[in-house]
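Here's the structure, in structure tokens; my notes come after.
The values are calculated or read from the model by the stated rules, or taken from the named source; none is laboratory data. Just so we're clear, the structure is a prediction, and the values are computed from it rather than from any experiment. Here Cβ is always computed from backbone atoms with ideal geometry, including for glycine, and neighbour counts include all displayed protein chains.
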Amino acid sequence: MSLPPLRIGNFVSRLPIVQGGMGVGISLSGLASAVAEQGGIGVIAGAMVGIGEPDVRTNSTGANVRALRREIRAARERTRGLIGVNIMVALVNYPDLVRTAIEEDVDFIFAGAGLALDLPGYRQPGSHTCLVPIVSSGRAASLLCRKWQSRFGCVPDAFVVEGPEAGGHLGFKPEQITNPEFALEKLVVEVIDAVQGHRSVTGEAPPVIAAGGVYTGADIFRFLRMGAAGVQMGTRFVATDECDADPAFKQAYVDAKPSDLTVIQSPVGLPGRALDNRFLRDVRNGDKKPFRCPYHCIRTCDGETSPYCIALALANARKGRLKNGFAFAGSNAWRVKKIVPVRELMEELVAGYEIAAREAEGATQEATAYTAASSSWA
């Protein structure tokens, strides 16, 4: 019972595992290329990808475009595997990053934090880039299919459905995050049902990828059995040697306890799941972190009233300066016990899937045998 491949458009990923795009600078070419080399889909995060550029404060768009182009090319030099870019719709420079990714012929664009209603309009004739919106409901998936079909004559090549157990910004109201009605298991089935009847370039309904709280190989088996074509995982890939964050950032995951996971109200206007620390406690206590908005990177962020600059906070955390920032993390971050190579993690996930598949097959055979025996006794 091997892990099946994941087909999106004309691309086939040997493993149905997408590494989640994690900004600011957590998943760049190092992590993405390592995942792609192991048979998954590696993803570079576009959110403030150029924050380390010397001119990012005076030429934010130019710096981010330049950095994104460099990261895509660096990933290509390291692997022949599949590479994607995660680009938040809410980013001010969203159009520039999308155009850059398409110009670089990246394999996938994953677009969330807003409805990517205009995404196909950036794709030029002859482009090979697959377009994959990230949604949090069947309603959003259905709307995108209808709008894209009407305006562009196509539907998304795939969907990522992200549940409330994910790390980072969440597409849910605070009261929905713990509501069982919004559990990923329900959302996956809802989105699969919503896209039936729509046909992608493969002639079939767009595949649905489950994200948010997927942690083990057994989890992968569970979501594939309910109809998902693959899974997206972010938290598991933070604690890897190849992750582009500072070792102190990764160690924060290893040291985390269940009680350290908290949901914050982000300056961008969305709830977000993070590892609690002194920085966030200060914010909760009303201590504003003085700053002047140097980037205006997200449309919904009000630099005049925000208690801190989220781009600076995340950039500091990425560099290991957690006193001046914080780490986004999924609900299972506390389960991380050590930092491992990507190869080892992928092998663990594959093995876990195969064990779960064999156990399920054995249970089915046992139930069948019991039913047959019961019939003969009757």
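Kindly evaluate ALA373 against the criterion of being part of a helix (DSSP H, G or I), more than 18 Å from GLN265 (Cβ to Cβ) and either assigned by TED's automatic domain parsing to the domain that holds MET233 or modelled with pLDDT under 90 (or both).
yes
Working carefully through the options PHE279, PHE328, PHE291, PHE237, find the one that is modelled with pLDDT of 95 or more and either in contact with a helix residue (DSSP H, G or I) (Cβ under 9 Å, 6 or more places away or on another chain) or under 24 Å from GLU162 (Cα atoms) (or both).
Step by step, each of PHE279, PHE328, PHE291, PHE237 is checked, and only PHE237 is modelled with pLDDT of 95 or more and either in contact with a helix residue (DSSP H, G or I) (Cβ under 9 Å, 6 or more places away or on another chain) or under 24 Å from GLU162 (Cα atoms) (or both).
Restricting to the range 18-32, name every residue that is out of contact with any strand residue (DSSP E or B) (no Cβ under 6 Å at 6 or more places or on another chain) and either assigned to a helix (DSSP H, G or I) or within 16 Å of GLU344 (Cα to Cα) (or both).
Of everything in the range 18-32, those that are out of contact with any strand residue (DSSP E or B) (no Cβ under 6 Å at 6 or more places or on another chain) and either assigned to a helix (DSSP H, G or I) or within 16 Å of GLU344 (Cα to Cα) (or both) turn out to be SER29, GLY30, LEU31.
Looking at the range 98-118, which of the residues that are aliphatic (A, V, I, L, M) and touching a Pro at 6+ places or on another chain (Cβ under 8 Å) is nearest to ILE17 (Cα to Cα)?
Filtering first and then ranking leaves ALA111.
Enumerate the pairs (first residue in the range 1-17 and touching a residue at least 60 places away in the same chain (Cβ under 8 Å); second residue anywhere and of a type in the set (S, T, N, Q) and part of a strand (DSSP E or B)) with beta-carbon separation below 7 Å, excluding pairs fewer than 6 apart on the same chain, so at least 6 apart or on different chains.
LEU6/SER13
Give me the pairs: first residue in the range 146-173 and touching a residue at least 12 places away in the same chain (Cβ under 8 Å) and over 15 Å from VAL214 (Cα atoms), second residue among the aromatic types (Phe, Trp, Tyr) and part of a loop (DSSP other than H, G, I, E, B), beta-carbon distance under 7 Å, and six or more apart or on different chains, which are they?
Correct list of pairs: empty, since none qualify.
Considering only residues that are over 13 Å from ARG278 (Cβ atoms) and touching a residue at least 60 places away in the same chain (Cβ under 8 Å), which ones fall in the range 306-329?
Those that are over 13 Å from ARG278 (Cβ atoms) and touching a residue at least 60 places away in the same chain (Cβ under 8 Å): ALA311, LEU314, ALA315, ARG318, LYS319, GLY320, PHE328, ALA329.
State which residue pairs qualify: first residue aromatic (Phe, Trp, Tyr) and inside the range 276-296, second residue at pLDDT below 85 and surrounded by 12 or more Cβ atoms within 10 Å (Cβ to Cβ) in any location, beta carbons under 6 Å apart, and separation of 6 or more residues or different chains.
Here the result reads PHE291/CYS309; TYR295/SER60; TYR295/ALA311, each pair linking the range 276-296 to a residue that is at pLDDT below 85 and surrounded by 12 or more Cβ atoms within 10 Å (Cβ to Cβ).
For residues in the range 206-264 being among the basic types (Lys, Arg) and in contact with a Phe, Trp or Tyr (Cβ under 8 Å, 6 or more places away or on another chain), which is surrounded by the fewest Cβ atoms within 10 Å (Cβ to Cβ)?
This residue is LYS257.
What is the number of the single condition among (1) at pLDDT 95 or above; (2) under 17 Å from ALA229 (Cα atoms) that VAL106 does not meet?
Every condition holds for VAL106 apart from (2).
Specify which of the listed residues (ASP255, ASP219, ASP244, ASP260) is of a type outside the set (Ser, Thr, Tyr) and touching a Gly at 6+ places or on another chain (Cβ under 6 Å).
Exactly one of ASP255, ASP219, ASP244, ASP260 is of a type outside the set (Ser, Thr, Tyr) and touching a Gly at 6+ places or on another chain (Cβ under 6 Å), namely ASP244.
Looking only at the range 123-181, which residues are among the aliphatic types (A, V, I, L, M), under 30 Å from ALA327 (Cα atoms) and not in a loop (DSSP other than H, G, I, E, B)?
LEU131, VAL132, ILE134, VAL135, ALA140, ALA141, VAL160, VAL161
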